[in-house]
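Data block below; observations after.
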């Protein structure tokens, strides 16, 4: 089975926008009303080393157990960008520093799943289903969230959007969602864009049954995306607002594309992107090297997304998460192995920024999970529950549908008062 | 759109053939619709000549043929391809060792080793895909292939999870296919002992409380207590069903009975990798499903499988699923009851239960003809069969299944892929199926090239939603691909399952579009 690698997904993408999911006929869609909260989830598949993202440079233990891959203290050569005197940001994430300084970026450290699994598959599955430890959950938490949001009058096929070659687990389920291929495939015309072909298929699917309605819905969603991503319009926008084109390939380009879509289509309320390549078992590097080389475009893309959203960043909460963290101690190959606690990133929206949230358990041996990993002191669902409740204004009773069986009450102080 | 006179007259000639859907009745009174129905449900759809065969031998004889696959010879070209696959592929033991070696290399050597590991996994996935798809498409033992699909999903394992990447092929070959029409207890036992299942549902990690590995080099020494995953799914999904009358206590007790069921690639005992490790087994007393269980090592688990296989709840659960798969999304309850009865009186003889099912008035009822919405797997296979396309390279088909949301061996959850309309009918499904239909119809799938080449693993071009991609891509593809599918032959093959309405639209459309319209029609989405 192939690794769910971002570049590979980009290379393999289909060629047109397709709404996925079932019962797409249900009247749901554009929230329309200004100020409705929006949520973008960026999932780092492969388990990013959170201790290299938000670095506990104030802990001597960090330098002791990571002799060759630790990032230097702030001020030193290639040192971390100090956040609060104890934590620092990986220097490759410099494009995000202005957001920290402006109070738009926060982190929740030592967060993650209560499930002990160190299997990528199980841990991603649990995090995307939103039900750690339960393998039979059929749908993803974002899909259930979509179903729990207040219904709106005008159906918008793009209310929930995945970007990638295949529909992510987090978005799978009963609610209709759209999936947008990465790269320029998103706007490639299809056979059904030819009038004579569309005419013939329109005639085959002119009944009032479910199948014909699904066909018409797919045509509608396709037109909507083609319009939103019309190349002529994009070019005009890019030169005006973006001050130059985004890099040609990879995450920054797709993040910028998502920003543009969300700016133009107010109906998009939930979005999901995945970025791979974080499984750094060997030669992880420090300020430079493998991990730094991946963090750099990630930061650039997130900055593109925030900048592209412009004033809409206030209503848009961006969350970056990963299935688990990596071992505190570096291994014999200059890398790190599968661990437990990690860091969640929060950008824009209603976040109380400029702060590392959560309870930091420390890196001394007794504090470590199973003697080797950063402990989890904040359940990832506590963070998501807070966002659903406060930022997306989800009613209490609906929260239980999104995270069934979860009794957590959220993380106090995470959002602006 | 203006057509030249020549084109127009050509269309008129063609239309006579296109517009002749009237259901034929053979002299002995076989209804063509009934013949198509058994072909649709007992096989992955009619291939050229199939409808004529059933009309000739009759429906009962066709069903009997399919219920006895051992009497149907595998054609020489297919058996040759399968034999070469077989000799090329490594044993599960070798594969596990190769996989672990590759993993170790990735840990110590980094990027280069990752490429090698990817190559290994790609090759293994392709071989598994070839073994499955070539048989499903070309084997005359169609019902057996249909049952492989059914049972694989019933006893699902996910090829994306660790070791199962290299084990799915042997799981299907050793634990599923030989028992697809056999006795349920044998099938249940084969899945329970196979490393793919032991790994997927974590039973290999499940040990008696307090058990410690002592200097054991067994991989990932994480076995640190009872793991209930397999025990739970064994009752909920594989046998009794979710309302089958057991509770959490029964799950825990069954998990205890199954401790010690694991596998070891170093074992010297023949081909099987299964081992029962008494050190891991919980020898305490147990009560399970109201029964006292005395300590008996591996025999406890074997006995539990006996009990589970013969429960009325299991008979009902399996019967419901069979009726749902073969008859209707919501199967008629009296049929389910009769099948469950048959299951119990024949000791879970799957062939006997299916014979009752196919003979039932419910299965034969016209209301259920064409009532099932095809899964992506059924849609792709039936398209290929109807088009009569020879397939040597399955890569474009594996890619199509990915794009249609049903990657082969790619269902994450242990309940397997659903086969209901509710699970599969979506706007996305319709537009992507039309995309696939037009790529196939236009000869743009590289089905004849060397596996793993030419088609790539994902025919992104071919599946460009509406299908065609840019004109440049179409030119390139048509050079590499096959001649377009002949719509007239296609309509003959599919007979009256394509409606008069669809035939009329087809007849009025440009010739190059016709086969795509047939395969992308609402009629062909159902079976």
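Being farther than 25 Å from residue B:165 by Cβ and either more than 14 Å from chain A (Cβ to nearest Cβ) or outside any helix (DSSP H, G or I) (or both) is a property that residue B:357 has.
State yes or no: is residue B:115 modelled with pLDDT of 90 or more, more than 10 Å from chain A (Cβ to nearest Cβ) and in a helix (DSSP H, G or I)? Taking the combined requirement at face value, the residue does not satisfy it. Right, residue B:336: crowded, with 22+ Cβ neighbours inside 10 Å and within 26 Å of the chain's Cα centre (by Cα) or not? Yes. A single member of B:426, B:470, B:521 is over 30 Å from residue A:124 (Cβ atoms), modelled with pLDDT of 75 or more and within 9 Å of another protein chain (Cβ to nearest Cβ), and it is B:521. Taking residues in the range A:85-109 that are free of Cβ contacts under 8 Å to residues at least 24 places away in the same chain, and partners anywhere that are surrounded by 22 or more Cβ atoms within 10 Å (Cβ to Cβ), the pairs with Cβ atoms closer than 8 Å and at least 6 places apart or on different chains are A:97/A:89. Filtering the range B:165-210 to residues that are outside any helix (DSSP H, G or I) and modelled with pLDDT of 95 or more leaves B:180, B:181, B:182, B:183, B:194.
Among the residues of the range A:209-220, not a single one is farther than 16 Å from residue B:426 by Cβ and either at the interface with chain B (Cβ under 8 Å from one of its Cβ atoms) or touching a helix residue (DSSP H, G or I) at 6+ places or on another chain (Cβ under 9 Å) (or both). Residues that are closer than 20 Å to residue B:259 by Cα and within 14 Å of chain A (Cβ to nearest Cβ) were ranked within the range B:165-202; the one that is surrounded by the most Cβ atoms within 10 Å (Cβ to Cβ) is B:196. Out of (1) modelled with pLDDT of 85 or more; (2) more than 7 Å from chain B (Cβ to nearest Cβ); (3) over 22 Å from residue A:384 (Cβ atoms), what's the single condition that is false for residue A:147? For residue A:147, the exception is condition (3). All of A:260, A:194 fail the test of being within 14 Å of another protein chain (Cβ to nearest Cβ), at pLDDT below 90 and out of contact with any strand residue (DSSP E or B) (no Cβ under 9 Å at 6 or more places or on another chain), apart from A:194.
Annotation: residue A:64 fulfils all but one of (1) closer than 18 Å to residue A:284 by Cα; (2) out of contact with any strand residue (DSSP E or B) (no Cβ under 9 Å at 6 or more places or on another chain); (3) touching a residue at least 40 places away in the same chain (Cβ under 8 Å); the unmet one is (3).
Only a single criterion out of (1) surrounded by 22 or more Cβ atoms within 10 Å (Cβ to Cβ); (2) part of a loop (DSSP other than H, G, I, E, B) is not satisfied by residue A:143, namely (2). Among strands (runs of 3 or more DSSP E) entirely within the range A:276-371, having at least 2 residues that are in contact with a helix residue (DSSP H, G or I) (Cβ under 9 Å, 6 or more places away or on another chain) and crowded, with 21+ Cβ neighbours inside 10 Å singles out A:316-322, A:342-348.
Taking every residue in the range B:497-511 that is modelled with pLDDT under 95 and pairing it with any residue that is outside any helix (DSSP H, G or I) and surrounded by fewer than 23 Cβ atoms within 10 Å (Cβ to Cβ), at least 6 positions away or on another chain, the pairs with Cβ-Cβ distances below 9 Å are B:510/B:1; B:510/B:3; B:511/B:484.
Scanning the range A:157-191 for residues that are assigned to a helix (DSSP H, G or I), touching a strand residue (DSSP E or B) at 6+ places or on another chain (Cβ under 6 Å), more than 9 Å from chain B (Cβ to nearest Cβ) and modelled with pLDDT under 90 turns up just one, A:186.
The values are calculated or read from the model by the stated rules, or taken from the named source; none is laboratory data. Bear in mind the structure is a predicted one, so any value in this text is a computation, not a measurement. Backbone-built Cβ (ideal geometry, glycine too); neighbour counts: all protein chains shown.
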